[in-house]
Amino acid sequence: MSDDSRARYESVKRGAGTLLTGALSALVVMLVILGVMWGVEVVDYVLDGTLDRQFGIVGWEPDGLAGILFAPFLHVGFGHLMANSLPLLVLGFLAAVRGLGRFFAASALIIVIGGLGTWLSSPEIITVGASGLVFGYFGYVVCRGLFDRRALDIVIGVGVAIAYYSILWGLLPNQQGISWQGHLFGLIGGIVAAWVLRRKRPAALPS
């Protein structure tokens, strides 16, 4: 094997190892997050929904602002949590597989932007659930490739857009009891996160 071939082989090997490590880390993180959500829902069930009422986002109420941080981990029953679990696992995994630092930063932006937008647009309504994160990760993964211009991220983004485009119906205000505001602002948060956390390219210098 020539030196060039050996170097390429080692480079591919390192890249594959890095990707595998990232995938395992992403999977563990998402399983822990889901485990926390299920544990919280068990406690909330025992307390007859007390956590939802105390820690959900309450629109236009100053005390309800605290819910921005807690609402994504709360759900109106196990059916609600089950509906969010699989898309959250898949989309969260794809968002995290490229690096946990960017994933946590993206999650924070999605939670804050999505939660604040929900608080501003839902007067006197209690909102809970991880669907804002689901829409946020969808927007983040789809737009990440466009902003970073990495081939792999573009392929992943296109695949996610094709597989999950139907969730965009959740942006329409035509489903009673469903917070389309949380969906919309979560999606906006994901797009903003993809832009803010995009890979910075070095500026071209004049010769």
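The values are calculated or read from the model by the stated rules, or taken from the named source; none is laboratory data. The structure presented is a predicted model; accordingly, all values stated were derived computationally and were not measured. As a convention, Cβ positions derive from the backbone with ideal geometry for all residues, glycine included, and neighbour counts pool all protein chains shown.
Tabulated results
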read-out: Counted residues, segment 145-177 - those being free of Cβ contacts under 8 Å to residues at least 24 places away in the same chain and among the β-branched types (Val, Ile, Thr); value: 4
read-out: Ser85 being out of contact with any Pro (no Cβ under 7 Å at 6 or more places or on another chain), of a type outside the set (Val, Ile, Thr) and touching a residue at least 60 places away in the same chain (Cβ under 8 Å); value: no
read-out: Checklist (1) surrounded by 11 or more Cβ atoms within 10 Å (Cβ to Cβ); (2) of a type in the set (A, V, I, L, M, F, W, C); (3) under 27 Å from Val196 (Cβ atoms); (4) at pLDDT 95 or above applied to Leu19, failing item; value: (4)
read-out: Of residues in segment 120-162 being surrounded by 24 or more Cβ atoms within 10 Å (Cβ to Cβ) and among the polar types (S, T, N, Q), the one nearest to Leu69 (Cα to Cα); value: Thr127
read-out: Any hit, segment 88-108, residues being among the basic types (Lys, Arg) and either at pLDDT below 95 or surrounded by 22 or more Cβ atoms within 10 Å (Cβ to Cβ) (or both); value: yes
read-out: Odd one out for Gly64, checked against (1) over 17 Å from Ser131 (Cβ atoms); (2) over 21 Å from the mean Cα position of the chain (by Cα); (3) modelled with pLDDT of 95 or more; (4) not hydrophobic (A, V, I, L, M, F, W, C); value: (3)
read-out: Any pair with Cβ under 6 angstrom, 6 or more apart, that starts in segment 126-143 at a residue that is farther than 16 Å from Val160 by Cβ and touching a residue at least 24 places away in the same chain (Cβ under 8 Å) and ends at one that is of a type in the set (Val, Ile, Thr) and part of a strand (DSSP E or B); value: Ile126/Val58; Thr127/Ile57
read-out: Selection status of Tyr164, assigned to a helix (DSSP H, G or I) and more than 18 Å from Gly99 (Cα to Cα); value: yes
read-out: Filter result for Phe93 (of a type in the set (Phe, Trp, Tyr), in a helix (DSSP H, G or I) and under 22 Å from Ala26 (Cβ atoms)); value: yes
read-out: Test: residue in segment 106-117 that is over 13 Å from the mean Cα position of the chain (by Cα) and among the β-branched types (Val, Ile, Thr); value: no
read-out: Residue among Leu116, Leu152 that alone is more than 21 Å from Leu89 (Cα to Cα) and not aromatic (Phe, Trp, Tyr); value: Leu116
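Yes/no matrix, rows are residues, columns are (1) at pLDDT 95 or above; (2) exposed (fewer than 10 other Cβ atoms within 10 Å of the Cβ); (3) under 20 Å from Gly132 (Cβ atoms):
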{"position": "Ser2", "(1), (2), (3)": "no, yes, no"}
{"position": "Lys13", "(1), (2), (3)": "no, no, no"}
{"position": "Val29", "(1), (2), (3)": "yes, no, yes"}
{"position": "Val42", "(1), (2), (3)": "yes, no, no"}
{"position": "Tyr45", "(1), (2), (3)": "yes, no, no"}
{"position": "Gly49", "(1), (2), (3)": "yes, no, yes"}
{"position": "Trp60", "(1), (2), (3)": "yes, no, yes"}
{"position": "Pro72", "(1), (2), (3)": "yes, no, yes"}
